[in-house]
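Notes for the one structure printed next.
The values are calculated or read from the model by the stated rules, or taken from the named source; none is laboratory data. Just so it is clear, the structure is predicted and the values come from calculations on it, not from any experiment. Ideal geometry is used to build each Cβ from the backbone, glycine not excepted, and the neighbour counts take in all protein chains shown.
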């Protein structure tokens, strides 16, 4: 990398960063705080989830009827939903952080943010749909 | 008595070893100096190569001395940036045998090898040979506003100038970070800077903390806003390489973590460090002060500071 290359990169970044410069929904420190909180919380709920597998023989716990029964227990369904939400937020933010380091233009940053939020909402919606269907409610 | 004898024997052995090393001081040995050569401005398409020089060295010869020897007597076209030769100016930073160091502060004898490889600092654009472009580094440095901002200070009116007093305790909060000589070694060792050009780097972030922690500064919120971006302080992976290579013991990684703890709302770590510093300093003055009010001043001041 030469000095002229770096100057060109900086100029390109400046050109592409003029629009979409003042919109901030969450500051990075707030996102980091959410990332830490969801990470620690997910650790607890996943631990409970794994411990619940041990109340009966492991193979039995994964049988269809038992899984459906788990979904029909409202507390367990809420636990699964919280795992889904916490891990989706934590995981997709981690992915976002990795992707942001690959390129430094604001267009890339915006695209990554949108993609990650859409994917996160999509995964949460799909998982929630599964929990709802397993409870006997029909969707669509 | 036996212990005394053992110690005496050890002293005699030490003296002997010093004498033998003194006799070897006068005998000149030589090392192979490999210097990275590139001319990125005139021939940007040409790749780099290494030139080798055989340099006579003594025990106290530094890498900078060796480079200047090669420049004086073998190849005057070698480009090096240097000034003070005493690790104060931070000009002669380069990668020596794979580690970013100051050439004037690195003795060849401590490298314990006969081949010394000098390369330009990583994460900096090349200009020529061992000289790199620091403009991006200084842009990041200036972006964190490395100066005291005090709204009460009335600088244009000389008659209104007042002295801003600072207690030694307040000074201790940032003194370590003010020893930075801007040599760029931490910046070159940072793995985040290697992938993210917008990341301010350890030097700028530790300086942000240095002014943030200064009791005379009143614009702390603005200072935090500058570094609290998507490519800001949160991108630090805490590899700790910056603190490993710092020649002045600034420990930029500590500054980054302290600043981050403030951003996340956990400022107790700073109080703990202040208490530890207080304890270590008070231990040396116990005879005079006899532990009177130990650490009290720090905690009270820190509480006020956090508010």
Checklist entry - In region B:126-148, which residue that is part of a loop (DSSP other than H, G, I, E, B) and either under 30 Å from residue B:224 (Cβ atoms) or within 16 Å of the chain's Cα centre (by Cα) (or both) is nearest to the other protein chains (Cβ to nearest Cβ)? => result B:133
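Given region B:204-265, what helices (runs of 4 or more DSSP H) lie entirely inside it while holding 3 or more residues that are under 19 Å from the mean Cα position of the chain (by Cα)?
On the way: elements: B:220-227, B:241-245, B:252-263.
Fully inside region B:204-265 and qualifying: B:241-245, B:252-263.
Evaluate the following for residue A:58: is it out of contact with any helix residue (DSSP H, G or I) (no Cβ under 8 Å at 6 or more places or on another chain) and under 21 Å from residue A:124 (Cβ atoms)? Spell out the reasoning first.
Numbers: out of contact with any helix residue (DSSP H, G or I) (no Cβ under 8 Å at 6 or more places or on another chain): yes; under 21 Å from residue A:124 (Cβ atoms): no.
It is false that residue A:58 is out of contact with any helix residue (DSSP H, G or I) (no Cβ under 8 Å at 6 or more places or on another chain) and under 21 Å from residue A:124 (Cβ atoms).
For residue A:82, indicate whether it is more than 14 Å from chain B (Cβ to nearest Cβ), at pLDDT below 95 and in contact with a helix residue (DSSP H, G or I) (Cβ under 9 Å, 6 or more places away or on another chain). First the steps, then the outcome.
Numbers: more than 14 Å from chain B (Cβ to nearest Cβ): yes; at pLDDT below 95: no; in contact with a helix residue (DSSP H, G or I) (Cβ under 9 Å, 6 or more places away or on another chain): yes.
No.
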Item to check | Residue in region B:71-125 that is farthest from the other protein chains (Cβ to nearest Cβ), counting only those that are free of Cβ contacts under 8 Å to residues at least 24 places away in the same chain, surrounded by 15 or more Cβ atoms within 10 Å (Cβ to Cβ) and under 17 Å from the mean Cα position of the chain (by Cα) | outcome: B:85
Item to check | Conditions (1) over 26 Å from residue A:100 (Cβ atoms); (2) buried (at least 24 other Cβ atoms within 10 Å of the Cβ): number failed by residue B:204 | outcome: (1)
Next on the checklist: List the residue pairs whose Cβ atoms are under 6 Å apart, where the first residue sits in region A:94-114 and is away from chain B (no Cβ under 11 Å) and under 15 Å from residue B:237 (Cβ atoms), the second is part of a loop (DSSP other than H, G, I, E, B) and modelled with pLDDT under 90, and the two are 6 or more positions apart or on different chains.
Outcome noted: none
Checklist entry - Can you spot a residue in region B:149-162 that is crowded, with 17+ Cβ neighbours inside 10 Å and assigned to a helix (DSSP H, G or I)? => result no
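Suppose the filter is modelled with pLDDT of 85 or more, over 20 Å from the mean Cα position of the chain (by Cα) and within 19 Å of residue B:123 (Cα to Cα); does residue B:201 pass it?
On the way: modelled with pLDDT of 85 or more: yes; over 20 Å from the mean Cα position of the chain (by Cα): no; within 19 Å of residue B:123 (Cα to Cα): yes.
It is false that residue B:201 is modelled with pLDDT of 85 or more, over 20 Å from the mean Cα position of the chain (by Cα) and within 19 Å of residue B:123 (Cα to Cα).
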